[in-house]
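The next block holds one structure in the form of C-alpha cells; read it before the comments.
The values are calculated or read from the model by the stated rules, or taken from the named source; none is laboratory data. All values reported here derive from a predicted model rather than from experimental measurement. As a convention, Cβ positions derive from the backbone with ideal geometry for all residues, glycine included, and neighbour counts pool all protein chains shown. Only protein heavy atoms, including side chains, enter the accessible area calculation; ligands, DNA and RNA are left aside. Shrake-Rupley method; radii C 1.70, N 1.55, O 1.52, S 1.80 Å.
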Amino acid sequence: MQPEGKSRKLLRIHRDDNVLIVVAPVRPGDRDVIDGCEVVFTQNIAIGHKVAARDIRAGEKVYKCGVPIGSAKEPIPAGAHMHLHNLKSDYIATYTLDKDHVFVK
Amino acid sequence: MSSSNNSSSNNSPTLQGFLRSDGRKGIRNCIVVAYLVECAHHVAREIVDSFRGQPVHLIGFGGCYPNAYADRMMNKLCTHPNVGGALLLSLGCESFNRHRLAEEIAKTGRPVSTVVIQQTGGTRKSIDSGKLWVEQALKQIADVPRAPLGVNELVVGTVCGGSDATSGISANPAVGRAFDMLVEQGAATIFEETGEMIGLEDVMSARAVTPELGHELKASVEKAAYYYKQMGHASFAPGNAEGGLTTIEEKSIGAYCKSGDSPISGLIKPGDVPRKSGLYLLDVVPDGEPRFGFPNINDNAEIAELIACGSHVILFTTGRGSVVGSAISPVIKICANPETYERMSEDMDVNAGKILRLEASVDEVGEEIYEKVLDVASGTQSCSESLGHQEFVLTYKSFEPIGPSCLPM
C-alpha cells in the first residue's frame, strides 16, 4: 500500500526513472504529490501514459524501468504529460496515426 | 513449499522431482504423443483424447520436408525432464527421421514406441495400438524414482502475449523481481524475443558477464532488427501510441523488464539447456537470410522453444488476456491489467493489476509469482493446466550453433 501523502495516481517503476506512470485517470486541475512536491495537472491524461517525475532538460535522456526510452525534445516541467510531442526515440522515429487516421512521424 | 520467511536455508530441497537418467528432475511426469507429420495428427489426437484428465500430451511437427531445427526441438521436447515417455506417430512416408528420434529417446531409458500408420493398417488400428501402448506406459512411468528437487535445479522461462499498456508496468517488472529471486536461489531463468529488444542492445549488453558475451547479445538484437525489417513487420503499431507508448525503446522495455536485474550469464538458442544458475537470453530469430517467414508465428511457438531449453514452468504475462497453456510444462498466467483480471480471473494465476490499483508493490507481486512457481513445481495445477490447455506449435526454422563466447564458464 502507498503511504499517506504519496501519489495515488502515479507509479514509479524503477528508482532511476525520471518518468512516472499514470495508473488512474488524471483530469485538469487535479493535484498530486511527486517526491514531496505538489503538482497541478493541466490536461486529461489516460492510464498507461507518462508524466515527468521532475523537471527534465531538453536533450536529457528519459528513463523508464531504469532504461533510456529516448530523449526530451524540449524542456519538460515536473508533472507534464510526456508523449510524441516532447519525447523522441534515439533509434527509429515513431510512426503513428493522427486524429484523421493518417500516418505521421 | 517454501515459506515467505527468507531466512530459510537457500537450497534446501523442499520439492520432490521425477528423477531422469541424465540427472535432471521433472515437476511433471507425462507421456507425450508426438505426430511426425500433419498426416498423423488426427490419429495422435484421438489417442490423447481418450486419456482426458491423465498426463498424456499432444505435440508434433506438421511438415513433410526435413528440418534440422524441428529434429532437435522434437528430441529436446521428448527428453524433457517433465516427460516420462513418448509415443511417436508416423504416417510412414514423411521425411522426419523417426528411427533416430526413437533411438535418442530410448537411450535416456524412457519408454518409447513408434506407430507407423501405413504399416499398422490405417487409422482405427493405429489408434487402438497407440492407446494400448499409452495405457502400459502410464503404469510404467508411475514407478519413476522421486528425488528431492531444489529451487537451484529449476529452469524457468518467461514470455509475454496479448500485451497492452499495462503489461510493461505491472506484470513484466514483477516477473523481473521473481526472476531475480529465482537466480539468487540458484535457478536458471530464460527470457526471449530479441525482436522486442531493439533499442536496448547496449543496456542489455552491459549486463553480460563477459564483454565477449556482450558482443553476442548485441549482435543477436541487430540480427533481429534486420530480420524483422525483411519481414516488413512494423515494430510499432498505432495502438501502442494510443496506449501511451511513445518510442520503440519504450515498447521494447515492456518485454525486456521481465528479465529483472541479474547479470546475463549466456545467450542460448532453441534446444540449448542452461547447465548452471543464472539468467539467459534465448535468441529466437533464425540465422541466415529469412527463409521460413516470421521467427515465431504465435506465443506457443515461443513457449515450445523455452520448454525445449529445459523450462520446467513458463511465466506468461498478459494485459489483454491470453488464455493459452502448453503441452509438457505448466504455464503460469500473470495478468497485468486489473480490468482484464476481473473479467478473466479463472484463467489468471496472479493478479499483477493490483500494482496499478496501488494495492500491492512490484516487489510484493514479484514474491507472489516466486511462491506460485514453487507451488506449481510442487504439483499444484496452474489455471491453464486445470482448464485443460495443452497448446503446442512447431514450425520450420534454421539456426547455426551458438558461438564459444555465448556460454562463458
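Descriptive notes on the structure:
- Pairs are defined by a Cβ separation below 6 Å, a sequence spacing of at least 6 or placement on different chains, a first member in the range A:26-47 that is more than 14 Å from chain B (Cβ to nearest Cβ) and over 20 Å from residue B:356 (Cα atoms), and a second member that is among the hydroxyl-bearing types (Ser, Thr, Tyr) and part of a loop (DSSP other than H, G, I, E, B); the pairs so defined are A:28/A:42.
- Residue within the range B:151-167 that is hydrophobic (A, V, I, L, M, F, W, C), in contact with a Pro (Cβ under 6 Å, 6 or more places away or on another chain) and within 30 Å of residue B:114 (Cα to Cα) present: no
- Taking the conditions (1) closer than 30 Å to residue B:283 by Cα; (2) open to solvent by 30 Å² or more (accessible area, probe 1.4 Å) in turn, residue B:101 satisfies each one other than (2).
- Hey, residue B:249 at the interface with chain A (Cβ under 10 Å from one of its Cβ atoms) and modelled with pLDDT of 85 or more or not: no
- Check on residue B:95, over 26 Å from residue B:292 (Cβ atoms) and without any contact (Cβ under 8 Å) to a residue 60 or more places away in the chain: no
- Candidate set: the range B:168-178, residues that are more than 18 Å from the chain's Cα centre (by Cα) and part of a helix (DSSP H, G or I); chosen: the one nearest to the other protein chains (Cβ to nearest Cβ): B:173
- Yes/no for residue B:61 being more than 19 Å from residue B:328 (Cα to Cα) and crowded, with 19+ Cβ neighbours inside 10 Å: no
- Complete set of residues in the range B:341-353 that are in contact (Cβ under 8 Å) with a residue 40 or more places away in the chain and surrounded by fewer than 23 Cβ atoms within 10 Å (Cβ to Cβ): B:346, B:347
- Unique match (being open to solvent by less than 10 Å² (accessible area, probe 1.4 Å) and under 26 Å from residue B:363 (Cα atoms)) among A:46, A:52, A:24, A:72: A:52
Results for (1) surrounded by fewer than 23 Cβ atoms within 10 Å (Cβ to Cβ); (2) more than 14 Å from every other protein chain (Cβ to nearest Cβ); (3) part of a strand (DSSP E or B), shown as yes or no for each residue.
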{"residue": "B:166", "(1), (2), (3)": "no, no, no"}
{"residue": "B:180", "(1), (2), (3)": "yes, no, no"}
{"residue": "B:183", "(1), (2), (3)": "yes, yes, no"}
{"residue": "B:190", "(1), (2), (3)": "no, yes, yes"}
{"residue": "B:215", "(1), (2), (3)": "yes, yes, no"}
{"residue": "B:218", "(1), (2), (3)": "yes, no, no"}
{"residue": "B:223", "(1), (2), (3)": "yes, yes, no"}
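- Subset of the range B:373-405 that is in a helix (DSSP H, G or I) and either in contact with a Ser or Thr (Cβ under 7 Å, 6 or more places away or on another chain) or open to solvent by 50 Å² or more (accessible area, probe 1.4 Å) (or both) - its residue that is nearest to residue B:27 (Cα to Cα): B:376
- Within the range A:51-79, considering residues that are touching a Ser or Thr at 6+ places or on another chain (Cβ under 8 Å) and either at pLDDT below 95 or at positive phi (or both), the one farthest from the other protein chains (Cβ to nearest Cβ): A:59
- Some residue of the range A:27-47 being closer than 17 Å to residue B:246 by Cα and at pLDDT below 90: yes
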